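What follows is one structure encoded as structure tokens, with my remarks underneath.
Derivation of every value follows stated rules applied to the coordinates shown; laboratory data play no part. Here the structure is a predicted model, which is why all the values come from computation and not from measurement. We place every Cβ from the backbone using ideal geometry, glycine too, and count neighbours over all the protein chains shown.
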Amino acid sequence: MIARHRQARTRIARRAFTLLEIIVVVTIIAMLAALVGPRVLKYLGTSKINIAKAECAEIEKTVQLWCADQGMTRPPDDFDLVALVEGAYLKKREDLVDPWNRDYMIVIPGERNPDFDVLTYGADGEQGGEGENADISN
């Protein structure tokens, strides 16, 4: 009878993890997170840049459509992108906000394009920069 009681206790004790096993698993997970984390964050920044490029191109096409409807070749010097929302060329004001939650800007005449540039200053919000902080325009 005592032997059966010991077997039952041994079986119950073996179902649980030891502290050493838990430490090993947590260490492995931490090492994987340290290796994978920076790569995932890199792709997150790259995806925001790609979204900003696509949105700049879309806003550029919308401004060109607005100009065509107004009978102009380029927008007037005092043109504001909000006019696209007010004129129902864009659905909502949030369409003029970049992935870093800052408004897209328009420069007339453009520095890169003769008529106008639609741009954002990237993650840092300041002119110039490299990588995720680089300026993005049409």
**Request:** Go through the stretch 119-138 and give me each residue that's small (Gly, Ala, Ser) and either part of a loop (DSSP other than H, G, I, E, B) or surrounded by 15 or more Cβ atoms within 10 Å (Cβ to Cβ) (or both).
**Result:** 122, 123, 125, 128, 129, 134, 137
**Prompt:** When residue 118 is evaluated against the numbered criteria (1) touching a helix residue (DSSP H, G or I) at 6+ places or on another chain (Cβ under 6 Å); (2) over 17 Å from residue 57 (Cα atoms), which criterion, by number, is the only one it fails?
**Reply:** (2)
**In the stretch 85-118, residue farthest from residue 135 (Cα to Cα) [restricted to those that are of a type in the set (A, V, I, L, M, F, W, C) and assigned to a loop (DSSP other than H, G, I, E, B)]** = 88
**Asked** With respect to residue 57, is the statement that it is assigned to a helix (DSSP H, G or I), out of contact with any Lys or Arg (no Cβ under 6 Å at 6 or more places or on another chain) and loosely packed, with under 10 Cβ neighbours inside 10 Å true?
**Response** no
**Prompt:** In this structure, is residue 34 assigned to a helix (DSSP H, G or I) and among the small types (Gly, Ala, Ser)?
**Reply:** yes
**Item:** Candidate set: the stretch 70-84, residues that are part of a loop (DSSP other than H, G, I, E, B) and aliphatic (A, V, I, L, M); chosen: the one farthest from residue 120 (Cα to Cα)
**Value:** 72
**Asked** Do the conditions hold for residue 34, that is, is it among the small types (Gly, Ala, Ser), under 18 Å from residue 119 (Cβ atoms) and out of contact with any His (no Cβ under 9 Å at 6 or more places or on another chain)?
**Response** no
**Fill in**
Sole miss for residue 67 among (1) exposed (fewer than 15 other Cβ atoms within 10 Å of the Cβ); (2) assigned to a helix (DSSP H, G or I) is condition (1)
